[in-house]
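The values are calculated or read from the model by the stated rules, or taken from the named source; none is laboratory data. The structure presented is a predicted model; accordingly, all values stated were derived computationally and were not measured. Ideal geometry is used to build each Cβ from the backbone, glycine not excepted, and the neighbour counts take in all protein chains shown. Side chains are part of the model used for accessible areas, which takes the heavy atoms of the whole protein and leaves out ligands, DNA and RNA. Shrake-Rupley method; radii C 1.70, N 1.55, O 1.52, S 1.80 Å.
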Amino acid sequence: MKWLTLRQNCIAIIVMSVILLFFGILAINAATSLRDYPADKSLLATALAQSYPVSIVITLPALMGAFIAAPLISKEIENNTLQLAFTQSITRRKWFWDKFGTLFILIVVVFGLFSLSQHYFYLNAVKLTNSWDWFDIQIVVYMAYVVLAFSLGTLTGLLIGKQVPSMAIFLVLFFLIRFALFKMRAYWFKPLVATWNFIGENPEYQKGIWVISSRLVDKLGNPVTVGLKQLGCDVLRFQVGDVLGTVEYDCYQRAGLLMEYTYQPIERFLHIQVIEVTITLLISFLAIALMLWILEKRKR
């Protein structure tokens, strides 16, 4: 059964491995470029780091879940081979672990190796950029979503029983969960508040600060909704190099206004990761338990 599972999915695994290898080389190359970047050119280093396609990298587990995990059992149901498998001498539980467990271990190993390249990129990028920008590619978070994608994808395939609908529904569910956890990420701990009077360093650019929201307020903390002209700041916006907004800031300062930021400090980075990983793995384990229960109760 284990060998058959590998043979049935060998093409998908090879294609996935080639894609991961490509992005792994890309990550190592980007990390090498950042490693030797001069510290006095942090703006250019930030631009270089942010050119790395993180948004694509974090969708790779979803693609794996759609094209490998979702068809794993739905293909058996759609081809009417699941009933034949259940007539064999092995138990349903052993059949499940031979099929699901074999591929699960292989996926974890392959993505685990890939996540090492992402971690290497993170170690070099974080020296010159904000740690929060790379929250999703750290090993523990990335691998938690790999486990979720494989477990949820297989469960969706078992419940739907058809390959293409299973793939589509899984993608919707997976990204809904990701979006919900991303939104909650900022509020597991009550955000801190900082104000800036447009003099000195802007708190938004302090290292380790994750700015959740910002707004212009008066000295009493009330939000300012009027425009520049209503404030008596009849100025013309311009941009020369990095001077965008300087005139507006001077005007705000003269008007006695403040910029209010809500943010999460770097001290909460690890705690928020632990919470998100715990929830992700809990959903994955519940998905696996539900699959075992369904297979035991399934008549055919």
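Among the residues making up region 174-189, a single one is open to solvent by less than 80 Å² (accessible area, probe 1.4 Å), among the aromatic types (Phe, Trp, Tyr) and more than 30 Å from ASN80 (Cα to Cα): PHE189.
Within region 127-173, the set of residues being open to solvent by less than 30 Å² (accessible area, probe 1.4 Å), of a type in the set (Val, Ile, Thr) and either out of contact with any Pro (no Cβ under 7 Å at 6 or more places or on another chain) or farther than 24 Å from PHE23 by Cα (or both) comprises THR129, ILE137, VAL141, VAL147, THR154, THR156. Within region 262-298, being under 25 Å from GLU204 (Cα atoms) and among the basic types (Lys, Arg) holds for one residue alone: ARG268. Restricting attention to region 43-54, does a residue exist that is at pLDDT 85 or above and assigned to a helix (DSSP H, G or I)? Yes - at least one qualifying residue is present in region 43-54.
Close contacts from region 163-176, counting a first residue that is farther than 22 Å from THR280 by Cβ and a second that is among the basic types (Lys, Arg), with Cβ to Cβ under 7 Å and a gap of 6+ residues or different chains, come to GLN163/LYS75. All conditions but one from (1) modelled with pLDDT of 80 or more; (2) out of contact with any helix residue (DSSP H, G or I) (no Cβ under 6 Å at 6 or more places or on another chain); (3) open to solvent by 30 Å² or more (accessible area, probe 1.4 Å) apply to ILE28; the one that does not is (2). Output the residues belonging to region 201-218 that are under 15 Å from CYS251 (Cα atoms) and exposed (fewer than 14 other Cβ atoms within 10 Å of the Cβ). Within region 201-218, just ASP218 meets the criteria.
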